[in-house]
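Chemist: Below: one structure in structure tokens.
Quick note: the coordinates plus some simple rules give every number you see, no bench work behind them. Only a predicted model underlies this, so the values are computations on that prediction, with no experimental measurement involved. Don't worry about glycine lacking a Cβ; one is built from the backbone with ideal geometry, like all the others, and counts go over all protein chains shown.
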Amino acid sequence: MIHQQLADDSKFTFQEQAIVAFIREFPESILELSAKDLASASYTSPATVVRFCKKLGFKGYPDFQLKYVKEYGKLYNQKKLSFSTSLSNLDVSEYVSSVYIDTIQETKELINKDTLNRVINLLCHTKKLIFMQAISISLVFNLLALN
């Protein structure tokens with residue numbers, strides 16, 4: 001998520017940190033601002049804004065802008081709903097199911113289609129497939145202690 005990427009200031013240049021600071025202070029304004037406007041508001045240049053967006057893995061500012069607004073809306077809506085005893089079971093189940101659906105959708109968006117196709121091709125053409133599971137050593141010790 002973009003918010004997680006913006007959390008670590010140390011990976012950004014001084015100018016990029018100015019952009020991050022502006023985004024944190026005025027997150028709702030990103031939808032209305034052009035790259036030129038964001039640059040002016042953060043005392044940087046439009047080229048710096050575009051490079052910043054590309055550094056985060058986007059094609060450019062419009063791509064960043066749409067994804068950011070989408071994520072900000074989800075985070076804002078999640079913060080609005082707080083669990084309390086006054087919520088009905090239906091409200092809670094609707095909220096939980098929407099969180100699961102959003103998580104699945106976000107995971108789907110993270111999948112690189114070329115990599116997925118390569119993995120599928122490898123799986124289809126392999127002669128032997130071994131499934132392994134990594135478990136915590138503390139879990140092993142706890143299981144041994146029970147016996």
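Chemist: From the square roots a ≥ b ≥ c of the eigenvalues of the alpha-carbon gyration tensor of the stretch 1-123, which class results: rounded (a/c under 1.5), prolate (a/b over b/c), or oblate? Present the calculation step by step, with values, prior to reporting the outcome.
Modeler: Numbers: a/c = 2.64, a/b = 1.27, b/c = 2.09.
Verdict is oblate for the stretch 1-123.
Chemist: Still on this model: Would you tally the net charge around residue 61, using a Cβ to Cβ cut-off of less than 14 Å, leaving residue 61 out, and scoring K and R as +1, D and E as -1?
Modeler: Working: positive: 36, 51, 54, 55, 59, 67; negative: 16, 32, 37, 63.
Taking every other residue near residue 61 into account, the sum is +2.
Chemist: Please state the shape class of the stretch 6-56: rounded when a/c is under 1.5, otherwise prolate if a/b exceeds b/c and oblate if not, all from the C-alpha gyration tensor.
Modeler: Here the stretch 6-56 falls in the oblate category.
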